[in-house]
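Here the structure comes first, spelled out in structure tokens, and everything after it is commentary.
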Amino acid sequence: MIKIAIIDDDKGFLIKYKSMTEEFMNGTDMDYTVDTYDSAKAVLESAMDYELYCLDVEMPGINGFQLAERIRQVQGMEPDILFVSVSERAVFDVFRYHVLGFVRKTHIENDMQEAMQRFVKAWEDKKKEFEFVTKDGRCFRKMVTDLIYAEVRGHTLELYCNDGVYNVKGTLSELEQRLHQYDFVQPYKGFLVNCGYIDMLGQRELHLKTEDRKVIPLSRYKATEIRSMFIKYINS
């Protein structure tokens, strides 16, 4: 569920911008909610658990820039922030807040569409990330496409990524459940392989697109299933 907050002291604009946002989001396959606030104080009194904040720059009391600073203090860099302003000169001040973009009220239709398209793409990319904790307690976030394969060695789960090998906490079964929607296959007990790195399917083995041309065994009981899944992946 994507939670969006729109903050503007112009209540008429709030209604218009909410309607435009809902119309855009209805054209996606994403579940969402849109909340509106007519002051920075009101949103600061909320749970502040949004994925996207659309902030009017010019507001009485706490302005949009000050509110952005508070959002970063509370939620860090996770939420996206979109500034909205009638003043085009404000664009020169917005990007030090690490924001998604700047919407000019004088060009609301075009600017809003472009900004929301960037937001949706960024959100889709985030869904393709996964997090893991190594056995020494370090936390990492990687793109799914960076994981080549996983292997169980003894009692250790090893992730072979583009930038190295990680010994992680958890089980292969748990990892498979997290990644099953991203074209990972289990060709043999103790292995989980990213279809994007399969170079060739042999009778009883997989050859990977790695520098060492890694070969992974293929169970004869799973050969037909794996070939079918790999062909489906290629065709997609």
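Computed from the coordinates by the stated procedures, all read-outs in this text should not be read as laboratory data. Owing to the predicted nature of the structure, the values given are computational and were not obtained by experimental measurement. Note that we place each Cβ from the backbone using ideal geometry, even for glycine, and neighbour counts take in every protein chain shown.
Reducing the range 1-54 and the range 60-122 to their Cα centroids gives an inter-centroid distance of 13 Å.
Note on the range 130-235: semi-axes of the ellipsoid equivalent to its C-alpha gyration tensor, largest first and rounded to whole Å, are 23, 14, 13.
List the pairs from Lys16/Lys121; Lys127/Lys209; Lys121/Lys142; Lys18/Lys41; Lys105/Lys142; Lys128/Lys232 whose alpha-carbon separation is above 26 Å, in the order I gave them.
Numbers: Lys16/Lys121 24 Å; Lys127/Lys209 24 Å; Lys121/Lys142 17 Å; Lys18/Lys41 19 Å; Lys105/Lys142 37 Å; Lys128/Lys232 19 Å.
Correct reply: Lys105/Lys142.
Taking every alpha-carbon pair under 8 Å whose residues sit at least 6 apart, the range 14-166 reaches a relative contact order of 12 percent. Restricting the range 1-73 to GluC sites (Glu not before Pro) that sit in a DSSP loop and have at most 10 other Cβ atoms within 10 Å of their own Cβ leaves Glu45.
Among Arg213, Arg70, what is the fewest-to-most ranking by other Cβ atoms within 10 Å? It would help to have the intermediate numbers written out before the result.
Working: Arg213 10, Arg70 14.
Ascending number of Cβ neighbours within 10 Å: Arg213, Arg70.
Short-range pairs are left out: with C-alpha atoms under 8 Å and at least six residues apart, the relative contact order of the range 1-77 is 39 percent.
Report the semi-axes of the equivalent ellipsoid for the range 101-172 in whole Å, largest first, where each axis is √(5λ) for an eigenvalue λ of the Cα gyration tensor. All intermediate terms of the calculation are to be shown ahead of the outcome.
Values: eigenvalues 316, 23, 14 Å².
Output for the range 101-172: semi-axes of 40, 11, 8 Å.
Kirkwood radius and radius of gyration were both taken over the C-alpha atoms of the range 2-127, and their ratio Rg/Rh is 0.92.
In terms of the Cα gyration tensor, with a ≥ b ≥ c the square roots of its eigenvalues, is the chain rounded because a/c is under 1.5, prolate because a/b exceeds b/c, or oblate? Here the chain falls in the prolate category. Decide, for the range 185-236, between rounded, prolate and oblate: order the square roots of the alpha carbon gyration tensor eigenvalues as a ≥ b ≥ c, take rounded if a/c falls under 1.5, and otherwise choose prolate if a/b is larger than b/c, else oblate. Verdict is oblate for the range 185-236.
When His98, His207, His155 are arranged by Cβ crowding within 10 Å, least crowded first, meaning fewest neighbours, the order is His155, His98, His207.
Net charge within 12 Å of Lys41 by Cβ-Cβ distance, Lys/Arg positive one each and Asp/Glu negative one each, not counting Lys41 itself?
Numbers: positive: Arg70; negative: Asp9, Asp38, Glu45.
Value of the local net charge: -2.
Multiplying the residue separation of Leu44 and Lys16 by 0.36 nm and subtracting their alpha-carbon distance yields 7.8 nm.
Simple point charges give the picture: +1 on the Cβ of Lys and Arg, -1 on the Cβ of Asp and Glu, and for the range 130-235 a dipole about the Cα centre of about 240 debye. Peptide packing: for 102-111, 3-12, the average count of neighbouring Cβ atoms within 10 Å per residue gives the ranking 3-12, 102-111, highest mean first. The rule of thumb for compact globular proteins, 2.2 N^0.38 Å, goes into the C-alpha radius of gyration of the range 47-90 1.14 times.
Size descriptors for the range 149-191 (Cα atoms only): Rg and Dmax, in that order, 9.9, 27 Å. Taking other C-beta atoms within 10 angstrom as a stand-in for reagent exposure, Leu55, Leu157, Leu100 fall in the order Leu100, Leu157, Leu55, fewest first. The helix-based estimate of mean residue ellipticity at 222 nm for the chain, built from -39,500 (n - 2.57) per DSSP H run of four or more residues and divided by its residue count, is -10000 deg cm²/dmol to the nearest 500.
Here the contact order of the range 155-236, divided by its residue count and restricted to Cα pairs under 8 Å and six or more residues apart, works out to 19 percent.
Please work out whether the range 52-117 counts as rounded, prolate or oblate from its C-alpha gyration tensor, where a ≥ b ≥ c are the square roots of the eigenvalues and a/c under 1.5 means rounded, while otherwise a/b larger than b/c means prolate and anything else oblate? Because a/c hits 1.5 or more and a/b fails to exceed b/c, the range 52-117 counts as oblate.
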